[in-house]
Structures are given as structure tokens and as C-alpha cells.
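A short worksheet on the structure shown next.
A short reminder: the numbers here are calculations on the coordinates, not readings from a lab. These numbers come from a predicted model, not from an experiment. Don't worry about glycine lacking a Cβ; one is built from the backbone with ideal geometry, like all the others, and counts go over all protein chains shown.
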Amino acid sequence: MAAVCIALFACGCARQTLRDMPITITPKAEQPSPALTSIPEASPVGRFTPPPEMQECTVACDDAVNLRDGASSHAELIGTVEEGARVRVIEFQERYAYVEVLASGQKGYMVAGYLQPATDVFGLDVVSITDAYSYDQMREDMRALTEIYGETIKIVIAGESANGLELPVMVLGNPQAPHHVFVQAAIHAREHMTALLAMALSEAWLKAGASQEVCFHVMPMANPDGIQISQGLVYDLHIQQIQASDAAAAGEQPDETEYLREWKANYNGVDLNRNFDALWEKVEASTSPSSEGYRGTAPESEPETQALVSYTKSRDFDATISYHATGSMIYWQFGDATQADRAAYALAKVIGELSGYSIEPDDGTSFGGYKDWASSKCGIPSLTIEIGTRSAPLPETDFYNIWMRNRFVFRTVAEWVKNA
Ligand SMILES: [Zn+2]
């Protein structure tokens, strides 16, 4: 827990809270400590049961997968399931699924990434599931959604990336709605499956009729240049120079393919989620442009950060959601819990129950993130949702588990902001 004592500057956001109550951001030291005793350190490991009509899967692998008596690679091996076998998912437990093999009735745990849903559980007409969802595909899908859903979706360009790509935001539903929620994804390049998820959730939301009362603003790719680097689409002299500098710092030449695949920063080698004005001075790690961990020369030095800041300030958002990839958990807090953080905790509990993701308090080691800034400087209840369990980029086969856990997140957030 960060027991730091800092003076927060007055919020430049000129916004009001969910209930039109003015939020006063006072220095953390002066703020009465909330009843954190009622908040657990971390909730138990998330479990999740898919609905019955979405439980049947086919095992997709080269040969066979192991069946164990527990959700761990150390659990006892009790059998194998062959490629093509039909199974019923009884429960997801982190990256494992507790399944019943339909032919034999045997039950056990297998790695969920080998499961292919037997029916179309996504129900999408435009967005296709892939592990390499690209910027160009996103723009094409946005155009297609605009054609199908007309006035219910508007595309707003929030700014431009360091390497000159537009940063589109989809405004879904009624722009004059009394409530607004901002969703941003893929600020970390290699976590580009979150962009696919944001697009898929947006299509599902439009298909369900969107909402007159809660308008969603979705920026699926907050870091499109970084995504293009991670997907092997951009590799120029500028990136090669950062690569050489990282290699010199590490004292060894990294495997080039892996280095690029795992790229996290923007085109300038800045970790955008360490570039926000939220205890930015405490961000450590790299001191120069790098594939990950460099905070930049100043808070909001990057055009992507500036675009997120100005869009967030452009209206009174009731909540923000930041989608990240690794951890299967929800972060809601920044330092000592503020009023916005306490509201975010209530939302985190609802989404935690829905998704099976664990709810994590701030361990006091991470600064300069978008969520940190939106809650501490703008007073907006803000969550970071980590969708997967293994290191990014996530494989396509993980999307079934991720979709099951997230497909009603917009609906749940909408209900929450209406009633908060
Ligand atoms: Zn991330």
C-alpha cells in the first residue's frame, strides 16, 4: 500500500461526479482515510462458469492434451483428451478449465487455451476473432459498423499517434445521454487482444440496441504504432535504434522476433501507461527510450497520452475502463483510496462477480498510468481490467475464455452508472 503523502493539484477537468456532486480533490494527507479494513487484500482466485448453451467445446490441439486432477501443471495426470474430442466446460479457473469429456464422462482440468467453442458463442457479424487484430482491420470494421448501425455509432478522431496514425473513438448510442463511460484498450502494444475485445464488445453492444441513457466512448487502440511494431508491420531505422540501445543496456542481443512481438511502448519508445501525470516522478525502470518501461521526458510528453487526457476532459465521464492483458484481475485503487476509488471498488466488485477476475488493491509500486490519472486528477471512478492469464501477446484460443468473462461488461457498467 502506498503510504505516500503528496499534494495533488487541482483537477483541470472541471467535471462533476455521477450524482452531480462536486468532487473536491484534496491533498491525500488531508483526506480522511476510508474504511479500508473492509476491503480484502485480494479476492480469491477467480472462477467462472459459462452459461449452459456455451459450454460445449472441441479440443483443438496437435495430438492430445493432458487432463489433471487440479488447476495446475503440478497436479496429478489422470488422462489425456484427444484432438477433436467434445467436452463440456463446467468451470474456468484462471487458465484452466474443469471439463467433462462427453464420450467417457471423465472429468478433469485442462488448459483452457485448447478449447474451441462448438457453437458460435460470439454472435458477431463484423468483427472476426484473431490473434493479430490490426489497425487497418479496426478501421475497416469501424466503417462496416457505421454502415450497419448508422446514427447509433459516430467516429471521433481524438488525436494522432507519434507516427501519424489517427486515434479513433467510437461513440456508441446517444451522445446526449445523461451518462457517459470511456473505454480505452491496447495502450500497451503487445496487449492488442484487448483492442479486439473492445471492438467485439462494441459490436455486441450495438447489436443489442446500445442505450439511450448510457453512451459508451470506445478507443480500441490507444497505441496503434506500438501495435504495428508488435505485429511486425513497422520496423524502421528509428525502431532499430531503440532495439540497439536496449541490447546495449541488456548486454546481449535479444531475439529480434520476440523483441518486436513483446513491444509494449509507443513509436517513441515510451510506455504510455507510465506517461500520465499521476506520481509520474516516482516511475522508475528505463531511463531512455525502450520497448517497455520508459516513462518519457515529462508527464504527457506523448501525443497518445495528450489525446487520452483531452478526450477524458471533454465531457463528464461517469467511469473509465482500461483494458490490459495479463493477470485476470481488476485494479481499482491508486495510493490511499480516494472518493473516486471507493466508487471504483464498488464497480470492481460487480465486474469481479460477473467475470471471475480477482480484485486487487494498489501495491504502491505502479505510477503514471491512465487509470491512476483519471481517478486521482479527474475524480472519475476508473478500473483497469486485465483480461488474460499468460504473457502477451495472447493467443487466439484464449479469446473464448476472455469473451465469456467480458461479454456483459458494458451492460453491467451501464447498469452501475445509472444506479450509482
Ligand atoms: Zn498493460
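Across the range 47-117, the relative contact order, built from alpha-carbon pairs under 8 Å that are at least six residues apart, equals 36 percent. Between T194, T326, T305, the residue with the greatest mean-square fluctuation in the GNM of the chain (Cα pairs under 10 Å linked by springs) is T326.
Cα-based Rg of the chain per 2.2 N^0.38 Å, rounded to two decimals?
Details: Rg = 21.4 Å, N = 420, 2.2 N^0.38 = 21.8 Å.
For the chain, the normalised Cα radius of gyration comes out at 0.98.
Take every pair of alpha-carbon atoms less than 8 Å apart whose residues are at least six positions apart; their mean separation over the length of the range 78-157 yields a relative contact order of 15 percent. For the pair S301 and Q212, label points projected 7 Å from Cα toward Cβ lie 4.9 nm apart.
Helix-derived [θ] at 222 nm for the chain: sum -39500 (n - 2.57) over DSSP H runs of at least 4, divide by residue count, nearest 500?
The helix contribution divided over the chain gives -8000 deg cm²/dmol.
Relative contact order of the chain: 19 percent, from C-alpha pairs under 8 Å at least 6 residues apart in sequence.
Peptides 271-282, 96-107, 144-155, 340-351 ranked from most to least packed, by the mean per-residue count of other Cβ atoms within 10 Å: 271-282, 340-351, 96-107, 144-155. Semi-axis lengths, largest first, of the ellipsoid equivalent to the range 47-117 are 16, 14, 11 Å, with √(5λ) applied to each eigenvalue of the Cα gyration tensor.
Take each peptide in 365-372, 399-406, 254-261, 72-79, count the other Cβ atoms within 10 Å of every residue, and average; sorted highest first, the result is 399-406, 365-372, 254-261, 72-79.
Among bridges DSSP assigns within the chain, what percent are antiparallel (round to 5)? Write down the numbers at each step before the final one.
Values: 37 of 57 bridges.
In the chain, approximately 65 percent of DSSP beta bridges are antiparallel ones.
Extension gain for E83 to H238 (0.36 nm times residue separation, less C-alpha to C-alpha distance): 51.4 nm.
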